[in-house]
Amino acid sequence: MTLPGAPRSTEAAEFWNALGGGDGTLLRQECVQCGRSRLPRTAMCPYCGGWESHWRPVTGPARLVTFTVIRRAPSPEWAAHAPYGVAIVEVAPGCRVLVNTDWLPEHADLGRPVVVAVETGDGGPRLVASRGGDEAVSQ
Amino acid sequence: MTATQPIGILGAARTPVGKTPGIDSLTLHAQAAHAAITDAGIDPLAIDGIITFGSFTRDYVMHSAVVAEFLGLRRIRYADVVRIGGASAAGAVSRAVAAISAGRCDTVLIVSGDDQLSGLTRDLAVKGMAENRHYQYEAPYGVTTPAAFAMMARLYLQRHHLSEELLAHVTVQSRRTASKLPDAMYGKPCTVGEVNSSKPIADPLRMLHCAPIADGGGALVAGRGAPGEVVEVLGSGEAHSNAHLVFNPFDASSAAAASAGHAFQQAGVRPADLGAAQVYDCFASVVAQVLEEAGIAPAGRALYQFADGEYDVDGGLPVNLNGGLLSGGHPGMPGGLLHVVEAAEQVRGSARVPVAGGKPVFVHCLGGIMSNHATLILGGGS
């Protein structure tokens with residue numbers, strides 16, 4: 001069953017358009033005035049009040065901030081996938097996204113490095129985190 | 001009534017909370033309003049201000065005007081719909097006090113009622129749940145409201161190196177407290193083992209960590225009254241850091257702490273001075289988190305204190321004397337009002353299980369995913 005993708009709204013258009021047209025690189029919003037980064041997109045910089053920003057690629061490691069494993073799904077399409085993992089991942093300082101995980105996280109996974117990929121399926125773009133580091137080691 | 005008299009809560013009431021099919025949202029508003037006006041002993045036609053919170057089952061853009069219209073109130077000078085989620089009730093009280101203080105009106109009815117359990121169609125239930133999740137950044141990932149609170153609970157457990165089994169003590173205390181009431185929706189005591197073996201919802205939260213959906217309503221009348229006859233708002237606070245989990249700044253100092261801190265400061269009251277506390281408890285984890293953020297419990301200790309009976313009726317600081325939402329039932333928008341109503345009854349000594357003994361009572365309401373907070377410290381009623 002196809003899972004829903006994110007709707008392409010005006011408020012997040014730059015975020016998703018850049019992902020869809022590029023190589024799947026995650027982007028962060030960088031303030032022109034103070035240089036600090038943020039995610040999700042906000043109209044104004046919450047740190048300095050600046051209204052101008054650029055989109056920059058995210059580089060460096062992402063970190064799993066918190067997670068849950070959902071046992072009771074909100075809809076039949078998700079029930080077919082349950083249990084499934086959901087997490088908040090910090091991809092750069094001040095930049096966080098909500099993702100699905102490709103494994104069922106446990107308490108010991110808090111703070112661990114993860115790799116966030118942009119998947120584009122029938123339902124639209126989605127963000128998925130995996131334990132890239134571990135797999136690289138085990139292979 | 002004179003302009004020099006203190007402003008506060010003159011009347012407070014709740015409808016039965018549980019399963020009451022066939023009573024719709026507006027009727028629950030009317031039942032709660034009637035009971036609170038009767039409790040206040042005022043002429044209903046004296047009401048010239050109204051604050052409502054909207055409804056999940058039957059909402060209106062001009063919700064407060066529609067409720068006033070249905071009640072038959074035609075002399076309204078101040079109408080407001082407070083929509084800050086679960087924080088609305090405490091937020092409404094501080095707005096009512098401000099409106100009266102500013103001379104905008106004299107007597108404010110704060111009322112909410114919803115047939116959340118009996119009247120919610122599947123479509124409306126999905127819509128209501130979706131409002132807590134960002135449609136762009138959260139909903140496409142299958143996140144539920146319990147899942148978002150579960151992620152906050154996970155962070156809390158990790159920060160203080162607590163086992164998730166400890167969360168059960170909040171529900172056990174809630175059921176034990178509710179068992180002393182005649183009409184609690186879930187008034188049978190339960191064990192830690194029962195909570196920890198209840199159906200898993202979103203790790204670490206299980207079914208018995210979640211407040212059950214209910215029908216019900218609550219109402220308050222705010223105005224000026226003679227000292228000793230009015231439940232005074234000694235202090236209030238409010239803080240909003242975000243609305244959706246994905247926007248949470250995860251700052252070291254939370255909005256809950258800011259809201260509670262302002263209320264304590266304004267009241268000139270310290271946690272040790274309190275006689276009781278009412279803490280919004282949509283999920284068990286939230287109560288422990290708020291008690292710590294507010295400085296009432298030492299960081300990382302609240303769950304152990306629940307286990308030790310500190311928050312029981314005969315403990316150091318009784319918490320959620322109405323069984324809270326966890327055992328009393330959660331009717332949605334009126335949920336916070338049920339906490340404020342209980343706190344007002346505790347202050348004036350008319351509660352079913354009175355424990356405050358004339359001391360100030362702390363009320364903390366929250367909405368969003370622990371992102372929107374409003375706190376009251378009530379006192380001076382007896």
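Pair-distance distribution of chain B: all C-alpha pairs, bin width 20 Å, starting at 0; shares per bin in whole percent are 32, 61, 8.
Toward the positive end of the charge dipole of the protein assembly as shown, with +1 on the Cβ of Lys and Arg and -1 on the Cβ of Asp and Glu, the farthest Cα among B:369, B:18, B:90 is that of B:90. When both bridge partners sit in chain B, DSSP labels roughly 75% of those beta bridges antiparallel.
Per residue of the protein assembly as shown, what 222 nm ellipticity follows from adding -39500 (n - 2.57) for every DSSP H run with n ≥ 4, rounded to the nearest 500?
On the way: 15 runs with 148 residues, N = 521.
-8500 deg cm²/dmol, from helical runs alone.
The mean number of Cβ atoms from other chains found within 10 Å of a Cβ in peptide B:142-152 is 6, as a whole number. When chain B is treated as a GNM with alpha-carbon contacts under 10 Å, the residue of B:29, B:262, B:330 showing the greatest mean-square fluctuation is B:262. When a/c reaches 1.5 or more, the comparison of a/b and b/c decides; with that in mind, is the protein assembly as shown rounded, prolate or oblate per its Cα gyration tensor? Here the protein assembly as shown falls in the prolate category.
When the GluC sites (Glu not before Pro) in region B:95-193 are filtered for DSSP coil states and for at most 16 other beta-carbon atoms within 10 Å of their beta-carbon, the remaining sites are B:131.
Spin-label pair residue A:75-residue B:183: with each label point 7 Å from Cα along the Cα-Cβ axis, the two points sit 3.9 nm from one another.
Treat region B:201-257 as a sphere of radius equal to its Kirkwood radius over Cα pairs and apply Stokes-Einstein at 25 °C in a medium of 0.890 mPa s; give the translational diffusion coefficient in µm²/s, rounded to a whole number. Before the final figure, lay out the partial values.
Details: Rh = 16.5 Å.
Here the translational diffusion coefficient equals 149 µm²/s.
3J(HN,Hα) along region A:50-55, derived from phi through the Karplus expression 6.51 cos²θ - 1.76 cosθ + 1.60 where θ = phi - 60°, amounts to x, 10, 9, 8, 10, 9 Hz, with x in place of Gly and Pro.
Kindly identify region B:255-298 as rounded, prolate or oblate by the Cα gyration tensor criterion: order the square roots of the eigenvalues as a ≥ b ≥ c, call it rounded if a/c is under 1.5, otherwise compare a/b with b/c, prolate if a/b is larger, else oblate.
Details: a/c = 2.02, a/b = 1.56, b/c = 1.30.
Verdict is prolate for region B:255-298.
Please report how far the C-alpha centroid of region B:1-37 lies from that of region B:246-318, rounded to the nearest whole angstrom. That distance is 27 Å.
Averaged across the residues of A:78-88, what count of C-beta atoms belonging to other chains lies within 10 Å of each residue's C-beta? Mind showing how you got there, number by number?
Numbers: counts 4, 1, 0, 1, 1, 3, 3, 3, 11, 3, 10.
Per-residue shielding by partner chains comes out at 4.
Bear in mind that the values in this text are calculations on the coordinates, not laboratory data. This is a predicted model, so every value here is computed, not measured. Reconstructed Cβ throughout: ideal geometry from the backbone, glycine too, with neighbour counts over all protein chains shown.
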